[in-house]
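Report on one structure; see the data block that follows.
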């Protein structure tokens with residue numbers, strides 16, 4: 001997505017706000033749209049960088065340790 005004109009920031013904002021039950025005021029809309037456009041441009045930069053598949057190392061998966069129930073001193 002190198003060209004941020006292909007990304008409908010306003011449409012995305014409206015769809016995600018509705019999905020998440022968010023209220024975005026008229027005063028907030030320009031800032032949210034601007035940020036989404038910036039994020040789309042940053043994504044385009046990252047997507048355009050060639051990274052050979054064999055150079056990627058996946059991070060290990062962090063598993064949260066089991067916690068004893070409160071009051072259980074065992």
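Values as computed for the structure displayed
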quantity	calculated
For region 4-51, the spread of Cα positions along each principal axis, largest first, Å	39, 20, 14
Simple label model, 7 Å out from Cα along Cβ direction - residue 47 to residue 70, nm	4.7
Residue order, fewest to most beta carbons within 10 Å, for 7, 35	35, 7
In nm, spacing of pseudo-spin labels at residue 8 and residue 54 (7 Å Cα→C-beta vector)	4.2
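Readers should treat all values here as calculations from the given coordinates under stated rules, not as data from a laboratory. All figures in this text were calculated on a predicted structure; none of them were measured in a lab. Note: ideal-geometry Cβ built from the backbone for every residue, glycine included; neighbour counts use all protein chains shown.
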